[in-house]
Amino acid sequence: MAAQINIRVQDKRFGDKQVLSQIALDIAPGEVVSLLGPSGCGKSTLLRIAAGLDTDYRGSLLLDTRPVAEAPLGAVGVVFQEPRLLPWLSVADNVAFASGKAAANVARVAALLDEVGLRDAGPLLPKQLSGGMAQRVAIARALYTQPRVMLLDEPFSAVDAFTRMRLQDLLLNVAAHHGTTLVVVTHDIDEALYLSDRIVVMGAAPGRILADLRIAQARPRDRRDAQLALLRAEILDTLDAAHAL
Amino acid sequence: MNTRVESAATAAWPAAAQNQAAPAANAGARELRLWQIAGLALPLVVFAVLEVVVRADLVPRNLLPAPSEVFQSLWDLADGDLWRHIGASGARVLAGFGIGAALAIVVGAAVGLSRRLEALLEPSFQALRAIPSLAWVPLLLLWLGIDEAPKITLIAIGAFFPVYLNLVSGIHNVDRKLIELSEVYRLGRVEQVRRILLPAALPQLFTGLRSGLSLAWMFMVAAELIAASKGLGYLLTDGRETSRPDLVLVAILVLAILGKFSDALLKRLEDRWLAWRDTLATRA
């Protein structure tokens, strides 16, 4: 199957500092891929490149075998570490942000809010939401354009551990429902193990791919699974060997 | 057994805490209410004390009239010229503030949004801002005569800078993360301004408008003190020239009321438009 996203980053620098080197990553449609690594390994930078937010690098980025600039608006959805809702818009208007001047697709907004468990939150203002609720709205907003790919930059690192587990399940459910490819940046090994079909382990200075692991376990996964614990050890070994720990 | 005791204890805790906290909060609210009532009563107490002091001839009446006399003068004036003065002053403030604020919004938005325009205009505006606005008065009188034009211009100058400065800094301070969001959605420049920058800068714009309005009242008084045949500033001058402190105090009282009233109008608009803010002042 042809890769849905094809990322090649030979070289990415901030000033004199090389932050990414020789990155080659192909992601298949519907795959859930985690970019895992310590801070400073360039995983967020890589995600920003994939999102088209950073174009100052040597390499190429293809979406469905075509340059990403030619992709239709909204083909890629982005969820940031913080919800980044617009505080002056209601929840429903935030979800429908991509519609701009055009009339919002009210039915789709309602369906998405329902899907993220916020059926009645449409008229609320962001300030009335908890952190977890706001992040759900951000996920609904990213899904509004019916993206083929959703990129998430440490999406659950700012919420408490219990909310995080619920949001991980929610993310997997909506992605499966919409057939969305997920690329999740995380520094949480357990999160990567729970979510991913593939874990791309990255090391720092310069940011590079250390390992590309496939996780075959069926979903829903048990967070206490012994196989996952072994993989966890393997990842730690990989990071350790690269002096990333 | 141990666990049962513990769970019983934890179950009992919140209820007990609530029972204690609720009356305490009520008592706190009641006490605060008393202070609020005292706050409203304070000026009345001051008036009463002044009344006694003046009537006992402890201070000369030609310097400080009794509050009752001031209110009597206010009453008399309200029957005659007071409305003419209020109308004249109010119209000047409205015109001056309207012109100054509108110009400030246009120029401020342009400077805030365009680095080139900022580079071009900022040094001049910084220099102009450094001029104490009252220094313009002689020039305005020379250029524009002593009619309405110099007064309104002076008020407009006074209102311009707070609005301009706040809007520019409001736009400059928009969260970079929201800008990035507009890049994700590939908003064009116009859309970015309309949907992200201006709404995000609105709170600071209102701060500017409110301080601009209070400066507009101030400059109105300054303008009318210098040359006017009607208006509250004229009433102040008239009171001084005819040795009638009660007139001066009436004018001051009316200025206070008008200033507070016009600010309250802006505040209401602000509260309505900016209900989305998550701040100490707007908490639910």
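Just to check your reading of the model, which residue among B:Arg55, B:Arg61 is open to solvent by 60 Å² or more (accessible area, probe 1.4 Å), modelled with pLDDT of 85 or more, out of contact with any Lys or Arg (no Cβ under 6 Å at 6 or more places or on another chain) and of a type in the set (Lys, Arg)?
The unique qualifying residue is B:Arg55.
Report yes if some residue within the range A:222-232 is at positive phi, part of a loop (DSSP other than H, G, I, E, B), surrounded by fewer than 18 Cβ atoms within 10 Å (Cβ to Cβ) and at pLDDT below 85; otherwise report no.
Within the range A:222-232, not a single residue is at positive phi, part of a loop (DSSP other than H, G, I, E, B), surrounded by fewer than 18 Cβ atoms within 10 Å (Cβ to Cβ) and at pLDDT below 85.
Would you mind stating whether A:Gln128 is under 21 Å from A:Pro72 (Cα atoms) and open to solvent by 40 Å² or more (accessible area, probe 1.4 Å)?
No: the conditions fail for A:Gln128.
Any idea which of (1) touching a residue at least 40 places away in the same chain (Cβ under 8 Å); (2) of a type in the set (Val, Ile, Thr); (3) under 21 Å from A:Leu182 (Cβ atoms) is the one A:Val91 doesn't satisfy?
Failed condition: (3).
Can you tell me which residue in the range A:52-81 is farthest from the other protein chains (Cβ to nearest Cβ), limited to those that are surrounded by 11 or more Cβ atoms within 10 Å (Cβ to Cβ) and hydroxyl-bearing (Ser, Thr, Tyr)?
My answer is A:Ser60.
So is A:Val183 touching a residue at least 12 places away in the same chain (Cβ under 8 Å) and in contact with a strand residue (DSSP E or B) (Cβ under 9 Å, 6 or more places away or on another chain) or not?
Considered against the rule, which asks whether it is touching a residue at least 12 places away in the same chain (Cβ under 8 Å) and in contact with a strand residue (DSSP E or B) (Cβ under 9 Å, 6 or more places away or on another chain), A:Val183 comes out as yes.
Which of (1) surrounded by fewer than 18 Cβ atoms within 10 Å (Cβ to Cβ); (2) in a strand (DSSP E or B) does A:Ile23 not meet, given it meets every other one?
Going through the list (1) surrounded by fewer than 18 Cβ atoms within 10 Å (Cβ to Cβ); (2) in a strand (DSSP E or B), A:Ile23 breaks only (1).
If you check every pair at least six apart or on different chains, which have Cβ atoms under 9 Å apart with a residue in the range B:71-93 that is assigned to a helix (DSSP H, G or I) first and a residue that is surrounded by 13 or more Cβ atoms within 10 Å (Cβ to Cβ) and among the basic types (Lys, Arg) second?
Cβ pairs passing all conditions: B:Ser73/B:Arg244; B:Arg84/B:Lys230; B:His85/B:Lys230; B:Gly87/B:Lys230; B:Ala88/B:Lys230; B:Ser89/B:Lys230; B:Arg92/B:Lys151.
Taking the condition open to solvent by less than 30 Å² (accessible area, probe 1.4 Å), farther than 17 Å from A:Ala204 by Cβ, modelled with pLDDT of 85 or more and among the charged types (D, E, K, R), does A:Glu31 pass?
yes
Under the condition of being in contact (Cβ under 8 Å) with a residue 24 or more places away in the chain and not in a helix (DSSP H, G or I), which residue from the range B:142-199 is farthest from the other protein chains (Cβ to nearest Cβ)?
Restricting to residues being in contact (Cβ under 8 Å) with a residue 24 or more places away in the chain and not in a helix (DSSP H, G or I), the top hit is B:Ile146.
Starting from residues that are under 22 Å from the mean Cα position of the chain (by Cα) and either at the interface with chain B (Cβ under 8 Å from one of its Cβ atoms) or among the hydrophobic types (A, V, I, L, M, F, W, C) (or both), keep the ones in the range A:93-104 and report whichever is surrounded by the most Cβ atoms within 10 Å (Cβ to Cβ).
In this case the residue turns out to be A:Val95.
Sort out which residues of the range A:42-51 are in a helix (DSSP H, G or I) and facing chain B (nearest Cβ under 10 Å), and write them in order of number.
Answer for the range A:42-51, where residues must be in a helix (DSSP H, G or I) and facing chain B (nearest Cβ under 10 Å): just A:Arg48.
Taking the options B:Ala228, B:Ala264, B:Ala216, B:Ala281, name whichever one is open to solvent by less than 60 Å² (accessible area, probe 1.4 Å) and either within 10 Å of chain A (Cβ to nearest Cβ) or at pLDDT below 90 (or both).
Every option except B:Ala228 fails the conditions.
Would you say B:Pro203 is open to solvent by less than 30 Å² (accessible area, probe 1.4 Å), touching a residue at least 40 places away in the same chain (Cβ under 8 Å) and closer than 30 Å to A:Phe80 by Cβ?
When the stated conditions are applied, B:Pro203 passes them.
For A:Ala110, all conditions in the list (1) more than 30 Å from A:Arg232 (Cα to Cα); (2) within 14 Å of chain B (Cβ to nearest Cβ) hold save one; what is the number of the exception?
Among (1) more than 30 Å from A:Arg232 (Cα to Cα); (2) within 14 Å of chain B (Cβ to nearest Cβ), A:Ala110 violates only (2).
Mind checking which residues of the range B:231-253 are open to solvent by 30 Å² or more (accessible area, probe 1.4 Å) and among the hydroxyl-bearing types (Ser, Thr, Tyr)?
Within the range B:231-253, B:Tyr234, B:Thr242, B:Ser243 qualify.
Suppose the filter is open to solvent by 20 Å² or more (accessible area, probe 1.4 Å), at pLDDT below 90 and hydrophobic (A, V, I, L, M, F, W, C); does B:Ala256 pass it?
no
So how many residues does the range A:133-192 have that are among the small types (Gly, Ala, Ser) and within 13 Å of the chain's Cα centre (by Cα)?
Counting residues in the range A:133-192 that are among the small types (Gly, Ala, Ser) and within 13 Å of the chain's Cα centre (by Cα) gives 5.
The values are calculated or read from the model by the stated rules, or taken from the named source; none is laboratory data. Just so you know, these numbers come straight off a predicted model, no measurement behind them. With ideal geometry, Cβ positions are generated from the backbone for all residues, glycine too; neighbour counts draw on all protein chains shown. Ligands, DNA and RNA are stripped out before the accessible areas are found, and what is left, the full protein with its side chains, is counted by its heavy atoms. Shrake-Rupley method; radii C 1.70, N 1.55, O 1.52, S 1.80 Å.
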